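Everything below concerns the one structure shown next.
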Amino acid sequence: VDNLDENSETFTLTADLNSNGTDVSDNATGTINDTNEPTVNVGQPNTGTGDVTVDEGQDTVFGVVVGNAAAGSTLTLSLSDGSANS
């Protein structure tokens with residue numbers, strides 16, 4: 001078990017048998033399904049949950065928590081105006 005988002009993985013087991021000079025074989029493929037869905041939460045610092053409220057003139061700090069992301073993943077953050085003006 002790991003905490004990484006990844007593609008399903010496969011492996012093959014092959015059985016070879018020699019019995020009284022007769023060779024037989026068979027194989028089967030096993031598939032490991034990834035059950036780690038990637039997540040991203042934005043909100044309060046340290047938790048990434050809930051909305052953030054600050055007094056006018058104070059810095060607004062958000063927490064961003066990413067879980068189960070595959071190596072090489074890209075996170076893009078965008079800021080858009082609501083009712084706040086400069």
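Taking 25 Å as R0, compute the FRET efficiency from the Cβ-Cβ separation of N33 and T53 and round it to 0.05.
Details: r = 41 Å, r/R0 = 1.65.
Approximately 0.05, to the nearest 0.05.
Given +1 on the Cβ of Lys and Arg, -1 on the Cβ of Asp and Glu, and no further charges, what dipole in debye does the chain carry about its Cα centre, rounded to the nearest 20? Don't skip to the end; give the middle numbers.
Details: 0 positive and 14 negative charges, 5 e Å.
Here the size comes out at about 20 debye.
Pick out, in residue order, every one of the GluC sites (Glu not before Pro) in the chain that is DSSP loop and has at most 11 other C-beta atoms within 10 Å; say none if there are none. Please report the intermediate quantities before stating the final value.
On the way: sites: E6, E9, E56; in loops: E6, E56.
Passing both the DSSP loop test and the Cβ count: E56.
Kirkwood Rh over alpha-carbon pairs of the chain, then Stokes-Einstein at 20 °C and 1.002 mPa s: what D in µm² s⁻¹, rounded to an integer?
Working: Rh = 18.0 Å.
D = 119 µm²/s.
Quick one: which of 10-21, 44-55 comes out on top by average Cβ neighbours within 10 Å, and what's the full order, highest first? Walk me through the numbers on the way to the answer.
Values: 10-21: 7.9, 44-55: 10.6.
For the peptides 10-21, 44-55, the packing ranking is 44-55, 10-21.
Bear in mind that the values in this text are calculations on the coordinates, not laboratory data. Predicted model, so just to flag it, every value in this text is computed and none were measured. Positions of Cβ are backbone-derived with ideal geometry, glycine not excepted, and every protein chain shown enters the neighbour counts.
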